[in-house]
Amino acid sequence: MKEKFQILIDKLRQTPGLFGNKKAAKGASITYQVVWNLALLFIILAVIGGAFAGGLGAGYFASLVKDEPIRSYASMKKDIYDYAETSEVYFADNVYLGKLRTDLEREEVKLEDVSDHLINAVVATEDEYFYEHDGVVPKAIMRALFQEVTNSSVQSGGSTLTQQLIKNQILTNEVSFERKAKEILLALRLEKFFDKKEILEAYLNVSTFGRNASGRNIAGVEAAAKGIFGVSAKELTLPQAAFIAGLPQSPFGYTPFTREGTVKENLEPGFSRMQTVLKRMYDDGKINQKQYEEALAHDLTKDFADPSASPLEKYPYLTFEIEERAVNIMTKILAKNDGYEEQDLKEDDALREEYRTLADRTIRQNGYQIHTTINKDIYDKMQQVKDNYPYYGPDKPETVKDPETGENKQIMEPVEVGAILIENKTGKIISFVGGRDHKREQLNHATNAVRQNGSTMKPLLVYAPAMELGKSAPGTILPDVPLYLAPGLNRPWPNNYTRTYSGLVSAREALKYSYNVPAVKLYKDIVGQRPAAYLEKMGFTSMIGPDYTNLSTAIGSLEYGVTVEENTNAFSTFANDGKFVDAYMIEKITDKNGQVIYQYEVKPVDVFSPQTAYLTIDMMRDVINSGTATSVRNRLKFSSDWAGKTGTGVDFHDAWFVATNPNVTFGIWSGYDTPKSLKAPGALSYSLRNNYLWADLMNAAYDVAPDLVDPSTSFKMPGGIVRRSFCAISGLLPSDACSKAGLVETDLFNAKFVPTKVDDSLGNGKLVRIGDKKYMALDSTPEEFTEPGLVLNPEYIEKLFGIKANPGDLIPNKERWKSILTTGDKLEDNGRAPAALNIKASGETVTWGAHPEKDVIGYRIYSGGKKVGTVKAGSSLSFKAGNGAIHVTAVDIAGKESKPSNVVEIGKKPEEEKPKEEKPKEEKPKEEKPKEEKPADPPAEEKPDPEKPVEPGDGGGEGEGSTN
């Protein structure tokens, strides 16, 4: 450069007149030296400054990316292709249900399945030099940097498609020089590893495109094409492709749909952006003039897709339930992958919440296929039955707080329902009913609502555990009498549903008619052995400390309650020979490559012996065949070997029925969300309404899958069960006295626990009967008023049952127990002879009124001074005496007889016989003359047949036996 400058000076010197003299030449030479030195100085400074600036810039760039790891091909591939893809859900047998609910709906697509129009539109709009650059365009970066520094309005972005992909998949949307520097570095590296088609395909699957016609957020061109225009990405026309290509710049500004799934009133922003895309395609030579003009003129509104129902809208209860269960499964999987056990999650709330959050995102965005156990046809049929059932009962008022005003207001609450059908051997949940209207109440009443399970608890917590422990059998005799079993309560507890008692009953009968007192009494006898532990084994999860000791747990009064799923699942234990198989809904989960990441495994838990399970089943058969659930038998279309139990919550708040057959178990609950009585005026009781719905839902399942819900086989009795006779008083082996009394019964027993002792509770005695009441005879009680009987020893009862009860309450009001007495069956003697009666005659019949004294046990009838008959108290108080002078006396329990009543004459005398004064002389012969009439006396004394016709009309003992 110096040489060239010198030549220029020399030429200037030679120019005539310019530097014509030496002085001028010398000055020019000095000037040259100064200029050159200055130029040289500036050049040096520029080089040094440039080098410094470059070094400084390079150093600054290096400092910005120093923490960014050097990523391998495998690492970058995983990150780039790790975009969220909406997971899909399936019914049983691979029947498609729909996409899982997510904030962003996406569907992956290969580049070859994307319209060329769309590819050209995206490249022309977002990155016109895409196929030429190596990941970044310096000019664009400088322009964007200048705009950032000068705060000028942005004319065009500085990011290539490659950079945008890096930002979306590896980095964040943070605005900083550090993030931009990393983006540039990674974009250059990405271009080294991947070809342009791979990068473009990833970009098309990653980008967001606003909302679809149903108002759901969408990402990826396939979801955009289907969601906005109802076609695949391959089928997009030019104007459709241009519209979609313009969306990523402002997805929710340009989208044509609202959040509610309606078309926006102002579509101009989106259409204006589409026109810009078409112009760039035209300028880039991707379309010709004709295509450009036709696309501009096309009415795109006619192409918009119609809203489509999501699984959430069509199957809200099912969709939410699947999501919840899938997240729970994934939470355990992710935690286990990091070295945590399930117990760690239970003990650490923060840890569990961390993994639940991660699992929720993972399950929704990884394109999983979630396969469930739900039979679509049965599920659909059950929803139809539920929607059309007419007998739920009335809506009832409830006061709630208005969330907007904070003021109380009254609403009407409907009766809700929850039901679930489980396959016994596998635990598969075949179908369920979550509620009547998910829009009104989002609670799933089949799986999440916790309620008192009433008497359905009895076989689970009382009878089966007692039999397993050898403390009971179907023929075990239990007291159904007023008992004071609640500590501190000065009245009998518990009460039976009917508020009546039945005396001594078998466990089978107590369960059949759902008597509360025998169940609580039996539970009290075993509660020290913690029978509630059996409930834990059968999947009850909501129990707390008091539930293990409170006697009220025996009749379903838990502190919190139990779900329909848990209660029903527990009953399936009996059908599985005493093994509990946990119910489940998620069969398996596979990733988008088809790899199974979760598969459910059946893991039976031993709870009861097969003998206990079968004996409980056999007892529960009676509930349906002749007990509290007989109403379902005539309602069903089919006849399986069913065994089940009804239940009623406290104050009639809950109605239950759970039943099992060899294949399936089906349970139902109905009640109000805010607990209130289900009682209502009308033809059907609340229990019938509940039982009928159970039957209708089972009929619906039968219509779809008869082989599943109506097995041809019955429950099979295992070995180790025998049939034995026992005495209905004690449950022990029958004695002669028990046999004589006709109180021998037979039932099934676990061979390990058959009775070995002989009943000795009865002794011989005599009784007096007054109507349907009976009393022990005294030694002085006249034989004519007694009959043979057997006396129950109350000390034996106290020893057998550990209770003190009114002995008279123990004897059931049944015909075959008529001859059994207790020491409490006494008629107190008032210590005096009864007062005389007043009698009347009508024809040949004498009548009188009941004696007012309570210890009178009968009456003697005399004719002419001779006893001609007896009538027991409580019978029809009349006697056909025949002709003669008749009087009647009353006899009490001690044998004391009243004075004669007034005398009535029966029979007409001939008019010829006038001399009345001679009658005294003939009195003696007349008294003896009737001796010839003696043959007529026995029929008169045998005539106490009034006893039998009179008993039903006596009306005594109201309440005893009315529960039967």
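Here are some notes:
- Reduced Cα scattering model of region 627-721, Debye log10 I(q)/I(0), q = 0.20, 0.21, 0.22 Å⁻¹: -0.97, -1.03, -1.09
- Amide H within-cut-off set for Ser502, under 5 Å, with H built and near neighbours excluded: Asp480
- Here the peptides 541-551, 607-617, 430-440 are ranked by packing, the mean other Cβ count within 10 Å, and the order with the highest first is 607-617, 430-440, 541-551.
- With θ taken as phi - 60° and the Karplus curve 6.51 cos²θ - 1.76 cosθ + 1.60 applied, the whole-hertz 3J(HN,Hα) list for region 512-519 is 4, 9, 6, 6, 7, 4, x, 5 Hz, x standing for glycine and proline.
- The HN-Hα couplings worked out from phi for region 679-694 by the Karplus form 6.51 cos²θ - 1.76 cosθ + 1.60 (θ = phi - 60°) are 5, 7, x, x, 6, 9, 6, 4, 5, 5, 4, 5, 5, 5, 5, 3 Hz, whole numbers, x standing for Gly and Pro.
- Cα centre as origin, Lys/Arg/Asp/Glu Cβ charges: region 650-791 dipole, Debye: 220
- Put the Cα centre of region 389-429 next to the Cα centre of region 880-907 and the gap is 71 Å.
- Kirkwood-type hydrodynamic radius, region 497-581: 14.1 Å, calculated from all non-identical alpha-carbon pairs.
- Dimensions in Å of region 202-341 - Rg and Dmax from alpha carbons: 19.1, 66
- Long-range Cα-Cα pairs in region 764-827 (distance over 20 Å), rounded percent: 24
- Mean silhouette area of region 363-521, derived from the convex hull of its C-alpha atoms and averaged over all directions, reads 16.7 nm².
- For region 91-135, the calculated P(r), taken from all Cα-Cα distances in 10 Å bins from zero up to the bin holding the longest distance, is 19, 28, 28, 16, 8, 0 percent.
- Neighbour-count ranking [beta-carbon atoms within 10 angstrom, fewest first] of Phe243, Phe726: Phe726, Phe243
- Cut-off under 5 Å, modelled amide H: who pairs with Gly98 long-range: Val89
- Structural descriptor for region 578-626: relative contact order 40 percent, calculated from alpha carbon pairs under 8 angstrom and at least 6 residues apart.
- Qualifying GluC sites (Glu not before Pro) in region 407-489, DSSP loop, other Cβ atoms within 10 Å at most 14: Glu407
- Listed values for region 497-510 are Karplus-derived 3J(HN,Hα) couplings in whole Hz (6.51 cos²θ - 1.76 cosθ + 1.60, θ = phi - 60°), namely 3, 8, 6, 10, 10, 10, x, 6, 9, 7, 4, 4, 5, 4, and x replaces Gly and Pro.
- The fraction of Cα-Cα pairs per 10 angstrom bin, counted from 0 for region 411-709, comes to 6, 29, 37, 21, 6, 1, 0 percent, rounded to whole percents.
- Summing +1 for each Lys or Arg and -1 for each Asp or Glu among the other residues whose beta-carbon sits under 9 angstrom from that of Ala695 gives +2.
- Fewest-first ranking of His887, His445, His298, using other Cβ atoms within 10 Å as the exposure measure: His298, His887, His445
- Rel. contact order, % - alpha carbon contacts under 8 angstrom, at least six apart, region 411-709: 23
- For Val664, residues with placed amide H under 5 Å, excluding near neighbours: Asn424
- For region 666-776, the normalised intensity computed at q = 0.20, 0.21, 0.23 Å⁻¹ comes to -1.00, -1.07, -1.22 (log10 of I(q)/I(0), Debye sum over alpha carbons, equal scatterers, no solvent).
- For region 102-303, the average shadow cast by the Cα convex hull is 11.5 nm², which is a quarter of the hull's surface.
- Scoring 571-579, 193-201, 868-876, 835-843 by mean Cβ neighbours within 10 Å over their residues and listing the highest first yields 571-579, 868-876, 193-201, 835-843.
We did not get these values from a lab; they are worked out from the coordinates using the rules stated. Since the model is a prediction, treat every value here as computed from it, not as a measurement. As a convention, Cβ positions derive from the backbone with ideal geometry for all residues, glycine included, and neighbour counts pool all protein chains shown.
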